[in-house]
Amino acid sequence: MSFGVEGIAAASIDWSMYKVQSQYSTTLMKRAMDDMESQAMALINDMLGAVPSEYQFDVRA
């Protein structure tokens, strides 16, 4: 890579591509974490609903 205008432009493009890839990866990871959280909450609610009990527990506290 040269240090002229072409080198600076190429480095800028590479940096922009890196930022886009990083943002995309972060978004996918957050979406997967949100999906796992909602699946876990659904499982907890199903488990609580399946066992009749005289006691009520607040699992969100």
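The values are calculated or read from the model by the stated rules, or taken from the named source; none is laboratory data. This structure is a prediction, so every number in the text was calculated from the model and none was measured. All accessible areas refer to the heavy atoms of the entire protein, side chains included, with ligands and DNA or RNA removed. Shrake-Rupley method; radii C 1.70, N 1.55, O 1.52, S 1.80 Å.
Would you compute, from DSSP H runs of 4+ residues alone, the mean residue ellipticity of the chain at 222 nm, taking -39500 (n - 2.57) per run and dividing by the full residue count, rounded to the nearest 500? Write out the running numbers ahead of the final one.
Working: 1 runs with 46 residues, N = 61.
Calculated at 222 nm, the ellipticity per residue is -28000 deg cm²/dmol.
Roll a 1.4 Å probe over the protein chains and send me the accessible area per residue for the chain in Å². If you can, show how the numbers build up before the last one.
Details: 5910 Å² over 61 residues.
Ligands and nucleic acids excluded, the result is 97 Å² per residue.
In sequence order, what are the phi-derived ³J(HN,Hα) couplings for region 29-43 according to the Karplus relation 6.51 cos²θ - 1.76 cosθ + 1.60 with θ = phi - 60°, rounded to whole Hz, with x for glycine and proline?
For region 29-43, the Karplus-derived couplings read 5, 5, 5, 5, 5, 5, 5, 5, 5, 5, 5, 5, 5, 5, 5 Hz, x marking Gly and Pro.
Roughly speaking, to the nearest percent, how much of the chain's 1.4 Å accessible area is carbon and sulfur? Present the calculation step by step, with values, prior to reporting the outcome.
Working: 3730 of 5910 Å².
Exposed carbon and sulfur together represent 63 percent of the surface.
Can you match volume of the Cα convex hull per residue in Å³ to one of these, (i) 44; (ii) 73; (iii) 230, based on a calculation from the structure here?
The listed entry that was calculated here is (ii).
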